[in-house]
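Trainee: Just passing along the structure, written as structure tokens.
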Amino acid sequence: MADDEAVTKTRPNSSKSQDSSTESPNRSADASPLSDPDSSSQAINDRREFFMMPPEEKLEHFERRAQSHEDHQEFDACIQDLVRCVALTRLVYEDGHLKQAQAHVTLAKAYFQFKGWGLQSQEHLALARELLQFCSPIQSCKEEKIKVLLSLHLTQGGTSLLIDNLEEAESSFLEAEQVLRELHQLGGINQEEKIKTELETCNGLSRVYRRQGRSEEALSQCERSLQLLKESDKPEKMCSVHRDMAAIEQGIGHLDQAIEHLTKAHAIAVSHSPEEQQGAQISHSLALILSAAEPHHNDSAEHYFEQSLSEYRSSAGPLDPTFLAVQDDYCRFLLFSGQQEKCLEIQRASLSSKRSTFGDLSAEVADTLQLIGSVDMTAGRMKQAHRNMTKCLDIQSLLYGPQHRKTKATRKAVDMLARAPEVAERNQRQGRRKMKPHTVSAVPSSGDDRNSMSDS
């Protein structure tokens, strides 16, 4: 049990609370294929044999099992085994050995990629960086050390982006590029892996520059990615790059360039992507950006809205939240392009779907009732508008409370509608019916007047 106790001691303090949801390292043998929980004598012997294994054999066992867990997307179990590998590496290899740094980098990468735990990842990266300073060149070849450095810088860049440390992220990705060139010169990486790594650094730097507002540099990194994908004959992966470029261009007000990139992305998605929803997403993005552009793009915007809705309906169904959200965007477009009645028809038909998907007392239902009421009010249908706005107000009062800005705005509209002549007249009639007293028969049904009155 010494190695399992060592695992517990080497856990980073900052990750204790999050690691506590996973299996205790002290049950490592129970999780192994050699230690079935069955109480048979064979199982007991297997467990005893497992505990008697030397640390180096246990290390190989947990490394293999961690990879198997990763392949099967069992990420919590994978991280547990990698924690054990860190402890066992300290037992198997002497201080200053490259394997110790490598184990920390592997665990840091798993924390980042599988769980999104940036701080835990950075703690292990710091330990790995410290260990690399003392790695003896006799124990490990230069290529292996550079590979560990490359993985360290890439992971550091990703975790720095995750915690919004943009300067460190940029520095780490640039260092990764430099290390990659050195590794390539030594012949330590094949062309496919080199391109894959370059794409990772380009994507990382593009995200850094975009967040920093350095749009031209972000677009330049995207152009590099497109060239690399073209060289590696992977046109299907260009789709996401064009979408990123469209978002950057739109952010700086270049709508025509954004439309051009989205059109290219859509063409790639239709011809290469097996995922139907990717085409639906791009159609939706195209529709939104076209609707925000000049009015002469309205026909194209409507086409892409309808195409997106058709693709979402066939792939996800009419009750899917994404389908309903796109439908609402389409209705807003119809409203602003003067097609109020078509918008109203779609919104009325969507009410039952939204009640089924989100619930009767949901923000989505309230927003739909408000939109219907607004269109009715614009068209002069005051009674219908008052009825729908009142229903909206009831839901908003429950969801947000009477003092919320949305509730106050709707109440103001309801009060204004209540003053409309046809609404006021209807309310007066309803008020009179409620206030009308029950009539009492003046002629008793029997000879006993007292009994008749008491019965009434």
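None of the figures in this text is laboratory data; all of them are computed from the coordinates on show. Predicted model only: the values in this text are computed from it and were never measured. Glycine also receives a Cβ, built like all others from the backbone with ideal geometry; neighbour counts cover every protein chain displayed.
Trainee: Taking 0.36 nm per residue of separation and subtracting the Cα-Cα distance, what length does fully extending Asp415 through Gln73 add?
Mentor: The span from Asp415 to Gln73 would gain 117.5 nm if fully extended.
Trainee: OK, next. Extension gain Ile44-Asp95, at 0.36 nm per residue separation less the Cα-Cα distance, in nm?
Mentor: Stretched out fully, the Ile44 to Asp95 stretch lengthens by 14.9 nm.
Trainee: While we're on this one: Give the relative contact order (percent, whole number) for region 129-216; include only Cα pairs under 8 Å separated by 6+ residues.
Mentor: Answer for region 129-216 is 28 percent.
Trainee: Let me have the relative contact order for region 155-266, percent, based on Cα pairs under 8 Å that are six or more residues apart.
Mentor: 18 percent
Trainee: Going by average Cβ neighbours within 10 Å, how do the peptides 205-211, 185-191, 346-352 rank, with the highest at the top? Mind dumping the intermediate values first?
Mentor: Working: 205-211: 21.1, 185-191: 12.4, 346-352: 16.0.
Result, highest mean first: 205-211, 346-352, 185-191.
Trainee: Once a ≥ b ≥ c are taken as the square roots of the eigenvalues of the Cα gyration tensor of region 339-431, is the result rounded (a/c under 1.5), prolate (a/b larger than b/c) or oblate (a/b not larger than b/c)?
Mentor: Values: a/c = 1.86, a/b = 1.20, b/c = 1.55.
Oblate, since a/c reaches 1.5 and b/c is not below a/b.
Trainee: Another one. For region 316-416, what's the relative contact order in percent, using C-alpha pairs closer than 8 Å and at least 6 residues apart?
Mentor: RCO, region 316-416: 19 percent.
Trainee: What ranking do His184, His266, His104 get, fewest neighbouring Cβ atoms within 10 angstrom at the top? Please report the intermediate quantities before stating the final value.
Mentor: Values: His184 17, His266 23, His104 28.
By the 10 Å Cβ count, ascending, the order reads His184, His266, His104.
Trainee: Just want the answer: with Cβ charges of +1 for Lys and Arg and -1 for Asp and Glu, which residue in Gln396, Gly373, Leu361 is farthest toward the dipole's positive end in region 339-431?
Mentor: Of the listed residues, the answer is Gln396.
Trainee: Quick check on packing: order 237-246, 123-132 by the mean number of other C-beta atoms within 10 Å, highest mean leading. Walk me through the intermediate numbers first.
Mentor: On the way: 237-246: 22.0, 123-132: 20.1.
The packing order, highest mean first, is 237-246, 123-132.
Trainee: Further question on the same structure: For region 316-393 and region 153-217, what is the separation of their Cα centres, given in Å?
Mentor: Going from one Cα centre to the other spans 46 Å.
Trainee: At a Förster radius of 35 Å, what calculated FRET efficiency corresponds to the Cβ-Cβ distance of Leu119 and Leu174, to the nearest 0.05?
Mentor: That pair, Leu119 with Leu174, gives E of 0.95.
Trainee: Hey, can you rank 79-86, 256-263 by average C-beta count inside 10 Å, highest first? Present the calculation step by step, with values, prior to reporting the outcome.
Mentor: Values: 79-86: 25.4, 256-263: 19.4.
By packing density, highest mean first, the sequence is 79-86, 256-263.
Trainee: Then there is this: How much length is gained if the chain between Leu319 and Ile163 is pulled fully straight, taking 0.36 nm per residue apart and subtracting their Cα-Cα distance, in nm to one decimal?
Mentor: Separation in residues times 0.36 nm, less the Cα-Cα distance, equals 52.6 nm.
Trainee: How many percent of Cα pairs in region 58-104 exceed 15 Å?
Mentor: Tail of P(r) above 15 Å: 39 percent of Cα pairs.
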